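Undergrad: The structure follows.
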Amino acid sequence: MNIAVLSRNKSLYSTKRLIEAGQKRGHTMRVLDHLQCYVSIEKKRPEIHYDGLPVHDIDAIIPRIGASVTFYGCAIVRQFEMMGVVSAVESQAIVRSRDKLRSMQLLSRESVDMPITGFARNPKDKADLIRMVGGTPVVIKLLEGTQGIGVVLAETKKAAESVLDAFHGLKANILIQEFIKESKGTDIRAFVVGGKVVGAMKRTGKEGEFRSNLHRGGKAEPVKLTKIERETALRAAKALGLGIAGVDMLPSNRGPLIMEVNSSPGLEGIEKATNIDIASKIIEYLEKKATEKKPNKDKIGI
């Protein structure tokens, strides 16, 4: 197959590994910067152009769309889908996963457990909002934040109200969540490909840091999931319609709680922690999806 990795940087670890894995399995691989793609919209003749030429020879794509360019990136993925190109992750699922509130609402609908979460626009509701999630300490998140950016732990009611006031003043959309004390700065990333967990790691934040993101100095080690952790990860990915997902869970006294479901999970941390060739498993999944020759069709409906 001719497979394109939609990535803005061919030197990124994840991009390079996908290219290597695809070539190893006999595919022709190329990298397309989705921000350099542009589209022609015409009756029954959808086209994508790149470097001044139409792109006609792509059988399948692997989107690696950054959060800051979700709208444009997903428009390009959707155009490929309109052209009959198989996508490893569907455009609508990417859009859905990037909206933290929408994701939480869908997970709730499917009875997937998560930290108690609140959302409000009016600052006068902040006292009740804090009570709603169990009182302080609370975690306050920007809806558009990634890699731990825009996430604040407020340990007192006064601090929480001050942070909420500040975010409201910036007209930012935020979520407020219960703080899971027993997680002790750790979480679990389960990597899901094609309805199977293909690797998992435990991430631990650096000293004094409640966020466990590897980009913020956290450490990772391989972990064997319990049955309920595995089932929770699979249900979360399915609830959002994601064939490929990095599912982040917090350990708690009431079982694993979904923190976030990532539609473009990085490969470096999980591959180095587990020594599992995740990139090849993604290529295998794409091969199977292409063989089935089913159209890209979202089934979630929201």
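Undergrad: Looking at the range 80-103, is at least one residue loosely packed, with under 15 Cβ neighbours inside 10 Å, under 18 Å from Leu32 (Cβ atoms) and of a type in the set (Phe, Trp, Tyr)?
TA: no
Undergrad: Taking only the range 157-185 into account, find how many residues are buried (at least 18 other Cβ atoms within 10 Å of the Cβ), over 30 Å from Gly269 (Cβ atoms) and modelled with pLDDT of 90 or more.
TA: Number of matching residues: 1.
Undergrad: Tell me the residue from Pro54, Pro115 that is free of Cβ contacts under 8 Å to residues at least 60 places away in the same chain, of a type outside the set (A, V, I, L, M) and over 19 Å from Ser264 (Cβ atoms), please.
TA: On the way: Pro115 fails: free of Cβ contacts under 8 Å to residues at least 60 places away in the same chain.
Every option except Pro54 fails the conditions.
Undergrad: Any idea how many residues of the range 130-151 are modelled with pLDDT under 90 and farther than 25 Å from Thr204 by Cβ?
TA: 2
Undergrad: Shifting gears a bit: Just for the range 28-70: of the residues that are part of a helix (DSSP H, G or I) and touching a helix residue (DSSP H, G or I) at 6+ places or on another chain (Cβ under 8 Å), which one is nearest to Leu6 (Cα to Cα)? Can you show your working first?
TA: Within the range 28-70, the subset part of a helix (DSSP H, G or I) is 34-36, 67-70.
Those still in the list that are touching a helix residue (DSSP H, G or I) at 6+ places or on another chain (Cβ under 8 Å) too: 34-35, 67, 69-70.
On the way: His34: 6, Leu35: 9, Ala67: 13, Val69: 12, Thr70: 12 Å.
The selected residue is His34.
Undergrad: While we're looking at this one, here's another question. Check Ala154 against each of (1) at pLDDT below 95; (2) buried (at least 19 other Cβ atoms within 10 Å of the Cβ); (3) under 30 Å from Thr274 (Cβ atoms); (4) in contact with an Asp or Glu (Cβ under 9 Å, 6 or more places away or on another chain) and name the one condition it does not meet.
TA: (3)
Undergrad: I'd like to check something: does the range 39-56 contain any residue that is of a type in the set (Phe, Trp, Tyr) and over 21 Å from Leu286 (Cα atoms)?
TA: yes
Undergrad: Would you tally the residues in the range 15-45 being within 19 Å of Ile65 (Cβ to Cβ), in contact with a strand residue (DSSP E or B) (Cβ under 7 Å, 6 or more places away or on another chain) and touching a residue at least 24 places away in the same chain (Cβ under 8 Å)?
TA: 10
Undergrad: I need a count of the residues in the range 199-240 that are crowded, with 19+ Cβ neighbours inside 10 Å, at pLDDT 95 or above and not in a strand (DSSP E or B).
TA: The qualifying residues number 7.
Undergrad: So which of Lys171, Lys158 ends up being in a loop (DSSP other than H, G, I, E, B) and not hydrophobic (A, V, I, L, M, F, W, C)? Steps first, please.
TA: On the way: Lys158 fails: in a loop (DSSP other than H, G, I, E, B).
Result: Lys171 is the single residue among Lys171, Lys158 that is in a loop (DSSP other than H, G, I, E, B) and not hydrophobic (A, V, I, L, M, F, W, C).
Undergrad: Let me ask another. Considering every residue within the range 78-93, establish whether at least one is touching a residue at least 24 places away in the same chain (Cβ under 8 Å), farther than 27 Å from Ile270 by Cβ and small (Gly, Ala, Ser).
TA: Within the range 78-93, one or more residues are touching a residue at least 24 places away in the same chain (Cβ under 8 Å), farther than 27 Å from Ile270 by Cβ and small (Gly, Ala, Ser).
Residues are listed down the side, and each one gets a yes or a no for (1) under 18 Å from Ile258 (Cα atoms); (2) within 19 Å of the chain's Cα centre (by Cα):
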| residue | (1), (2) |
| --- | --- |
| Arg131 | no, no |
| Gly135 | no, no |
| Val151 | yes, yes |
| Ala166 | no, no |
| Lys171 | no, no |
| Phe179 | yes, no |
| Ser183 | yes, no |
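Undergrad: Scanning the range 3-37 for residues that are surrounded by 14 or more Cβ atoms within 10 Å (Cβ to Cβ) and over 24 Å from the mean Cα position of the chain (by Cα), which turns out nearest to Gly73 (Cα to Cα)?
TA: Applying the filter and picking the extreme gives His27.
The values are calculated or read from the model by the stated rules, or taken from the named source; none is laboratory data. Computed from a predicted structure; not experimentally measured. Backbone-built Cβ (ideal geometry, glycine too); neighbour counts: all protein chains shown.
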